[in-house]
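Each value in this text was obtained by applying a stated rule to the coordinates, not by laboratory testing. Because the structure is predicted, anything quoted here is derived from the model rather than measured. Every residue, glycine among them, receives a Cβ derived from its backbone with ideal geometry; neighbour counts consider all protein chains shown.
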């Protein structure tokens, strides 16, 4: 009788080990799947971030170009103003 109980517990132990291994394998597969999804998500996020950085750099370059252009227009307007003043003085000088 003791021998049959020992066999019974041995069989139950083997079944528990088998189920445990099956669950561990399933859990391992789930963890691998989650890790792969996280890696894919991170990769997509990095791509979006790089695109945003490239776009920000383009805006920065465009802003600098516009600032330079604006500076040239202001300088040209200043020079034109000076020339206009000189022209008006010359006209006034000719009236005397």
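Only helices enter this figure: runs of n ≥ 4 DSSP H residues, each worth -39500 (n - 2.57), summed and divided by the residues of the chain, yield -37500 deg cm²/dmol at 222 nm to the nearest 500. Relative to the longest principal axis of the Cα atoms of the chain, helix 2-95 runs at roughly 0 degrees. With R₀ fixed at 30 Å, the C-beta to C-beta distance from residue 28 to residue 50 puts the FRET efficiency at about 0.35. Normalised size of the chain, defined as Cα radius of gyration per 2.2 N^0.38 Å with N residues, equals 3.30. In the stretch 49-96, the ratio of gyration radius to Kirkwood radius, Rg to Rh, stands at 1.51 when only Cα atoms are counted.
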